[in-house]
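Asks: Here's a structure for you.
The values are calculated or read from the model by the stated rules, or taken from the named source; none is laboratory data. Just so it is clear, the model here is predicted, and its values are computed rather than measured. Positions of Cβ are generated from backbone atoms using ideal geometry, with glycine treated the same way; all protein chains shown enter the neighbour counts.
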Amino acid sequence: MRPAGHNPAGMPFEGAEASMNETANPSGAGDALLQEAEGVTARLQEERRHAGIAKRDLEPYRRGNIGIPYAFTFDSGQAGPHILVTCLAHGNEPGGLEAVVALLERGFQPLRGRLSLAICNVAAYEASNGIDPYGTRFVEEDFNRVWSDEKLDGEGRTVELERARELRPLLADADFLLDLHATPYEASPYFVLRPGTRAIGLAERIGVPHTRFFFNQGSAHAPTLSNYRQFSDPDSPAVGITLECGLFFAAESKQVALSAIARLLQLNGMISEADFLAIATGRDTRPRRDIVVEIPEFTRTAQMRFLAPPGDFRPFAKGEVAAFDGDRPVLAPFEGALVLWIKQNFEKDVQAFMWGRMDSAADGPPA
Ligand SMILES: [Zn+2]
């Protein structure tokens, strides 16, 4: 799916030119396959170029309404849960920001409980040029890897740590955290889930998007916002969940975010039917997919080419060629292997992508 918009600056992509111009595989045996891989890789690069969300001035939101810059709480005065929606943990993921701004501009008030909205890494957003789809993820360190009390109480003084400390009081009594992200890796929006967590049940209840990624390792296990304190406490009912709303700067990502927020509010009786219908306009026409992200594949060269873009979720048979790393065919390590989380740029000896598999028990029509 290609987001609306265009690429005004025609930002170049490192590695793209090299992979287009060079011909590898001197044996000639896999020439057709290699050609196919060149085409898929070019399509992948092209898809990532398109920007649909223009950069906005965040100054009107700087004051917030609770004494924390760019943070808002709307208290119904009635008993009910505290829902915290966070966006822009990474400066180059504006879909969630657009959703939060839409709620602010609408003057949305919850029917019960409290709703808080936080625009997290404004410094990184300001550092982005708003055009480059890869933008500026963070200024000094990843805002979404500092959420342990050890780090927050430590000596670190980075831009991101200081911002996390500002926002920390807002998290203290949050019953639900919905952390909105966007990704360069996949065309479909998806929930980021760790096996065995309460977030799985919440994703089920929110319902959209239909795609859910289960990570057995990697960032889902890091000290992220949605893993912070009560959200990882086995004795707490609090739930933190991370939602990847689509590709960086894809216009659709705003609707994905708004629909998830509206559903979470609805589950908690915090939104009127009229507001729900006006806000939850996103539709996910993709089938229900549960995908288990299994093992990383590492590069040996800086020249990777793929036989399927990740959004196609094409399963490869065990031993089938799924990609080329320079001249070397990369073979699927198990039956039904999917090539997921493809890196934007490649260097030698880095993680190129993740192998995943469809959890067939959950594979089926939209829920
Ligand atoms: Zn992110």
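Asks: Would you check which residues across the stretch 248-300 are modelled with pLDDT under 95 and on the phi > 0 side of the Ramachandran plot and list them?
Replies: F249
Asks: Output the residues belonging to the stretch 135-150 that are within 15 Å of the ligand (Cβ to nearest atom) and either at pLDDT 80 or above or farther than 21 Å from V100 by Cα (or both).
Replies: T136, R137, F138, V139, E141, D142, F143, N144, R145, V146, W147
Asks: Out of the stretch 327-344, which residues are surrounded by fewer than 19 Cβ atoms within 10 Å (Cβ to Cβ) and either at pLDDT below 95 or among the basic types (K, R) (or both)?
Replies: D327, R328, K343, Q344, listed by residue number.
Asks: Out of the stretch 239-250, which residues are near the ligand (Cβ under 10 Å from one of its atoms) and under 16 Å from I53 (Cβ atoms)?
Replies: E244, C245, F248
Asks: Just to be sure, is S116 under 24 Å from D57 (Cα atoms), touching a residue at least 24 places away in the same chain (Cβ under 8 Å) and among the hydroxyl-bearing types (S, T, Y)?
Replies: Judged against the criteria, S116 is a match.
Asks: Does A172 satisfy being more than 16 Å from the chain's Cα centre (by Cα) and within 15 Å of the ligand (Cβ to nearest atom)?
Replies: Considered against the rule, which asks whether it is more than 16 Å from the chain's Cα centre (by Cα) and within 15 Å of the ligand (Cβ to nearest atom), A172 comes out as no.
Asks: Do we have Q255 as in contact with a Gly (Cβ under 7 Å, 6 or more places away or on another chain) and either within 24 Å of F306 (Cβ to Cβ) or buried (at least 22 other Cβ atoms within 10 Å of the Cβ) (or both) here?
Replies: Yes; evaluated as a whole, the condition is true for this residue.
Asks: Among the residues of the stretch 171-215, which ones are in contact with a His (Cβ under 9 Å, 6 or more places away or on another chain), closer than 18 Å to I261 by Cβ and either without any contact (Cβ under 8 Å) to a residue 12 or more places away in the chain or surrounded by fewer than 22 Cβ atoms within 10 Å (Cβ to Cβ) (or both)?
Replies: Result: D175, single match.
Asks: Say whether the condition of being more than 16 Å from the ligand (Cβ to nearest atom), out of contact with any strand residue (DSSP E or B) (no Cβ under 7 Å at 6 or more places or on another chain) and not in a loop (DSSP other than H, G, I, E, B) is met by at least one residue in the stretch 103-115.
Replies: Taking every residue of the stretch 103-115 in turn, at least one turns out to be more than 16 Å from the ligand (Cβ to nearest atom), out of contact with any strand residue (DSSP E or B) (no Cβ under 7 Å at 6 or more places or on another chain) and not in a loop (DSSP other than H, G, I, E, B).
Asks: Continuing with the same structure: Can you tell me which residue among A37, A24, A79 is surrounded by 19 or more Cβ atoms within 10 Å (Cβ to Cβ), at pLDDT 65 or above and either over 24 Å from the mean Cα position of the chain (by Cα) or farther than 30 Å from L225 by Cβ (or both)?
Replies: A37
Asks: Can you confirm whether I83 is touching a residue at least 60 places away in the same chain (Cβ under 8 Å), away from the ligand (no atom under 14 Å from the Cβ) and either aliphatic (A, V, I, L, M) or not assigned by TED's automatic domain parsing to the domain that holds A172 (or both)?
Replies: yes
Asks: In addition: Does the stretch 160-189 hold any residues that are in a strand (DSSP E or B) and closer than 22 Å to F138 by Cβ, and which are they?
Replies: L177, L178, D179, L180, H181, A182, T183
Asks: Given the criterion within 16 Å of the ligand (Cβ to nearest atom), in the same structural domain as T86 (by TED's automatic domain parsing), more than 15 Å from G96 (Cα to Cα) and surrounded by fewer than 20 Cβ atoms within 10 Å (Cβ to Cβ), identify the matching residue among S219, S236, S232.
Replies: S219 is the lone residue from the list that is within 16 Å of the ligand (Cβ to nearest atom), in the same structural domain as T86 (by TED's automatic domain parsing), more than 15 Å from G96 (Cα to Cα) and surrounded by fewer than 20 Cβ atoms within 10 Å (Cβ to Cβ).
Asks: Kindly list the number of the only condition in (1) at pLDDT below 95; (2) away from the ligand (no atom under 16 Å from the Cβ); (3) under 19 Å from the mean Cα position of the chain (by Cα) that fails for P94.
Replies: (2)
Asks: Take the conditions of a type in the set (G, A, S) and either modelled with pLDDT of 95 or more or over 21 Å from the mean Cα position of the chain (by Cα) (or both) and apply them to G311. Does it pass?
Replies: So G311 does not fit the description; no.
Asks: For the structure I just gave you, tell me whether A164 is more than 14 Å from the chain's Cα centre (by Cα) and either surrounded by fewer than 21 Cβ atoms within 10 Å (Cβ to Cβ) or acidic (D, E) (or both).
Replies: Answer is no for this residue.
Asks: What about S259, is it among the polar types (S, T, N, Q), under 25 Å from D75 (Cα atoms) and touching a Leu at 6+ places or on another chain (Cβ under 7 Å)?
Replies: So S259 does not fit the description; no.
Asks: For the stretch 116-153, name all the residues that are touching a Pro at 6+ places or on another chain (Cβ under 9 Å), in a loop (DSSP other than H, G, I, E, B) and either of a type in the set (D, E) or closer than 21 Å to L171 by Cβ (or both).
Replies: Of everything in the stretch 116-153, those that are touching a Pro at 6+ places or on another chain (Cβ under 9 Å), in a loop (DSSP other than H, G, I, E, B) and either of a type in the set (D, E) or closer than 21 Å to L171 by Cβ (or both) turn out to be V146, W147, S148.
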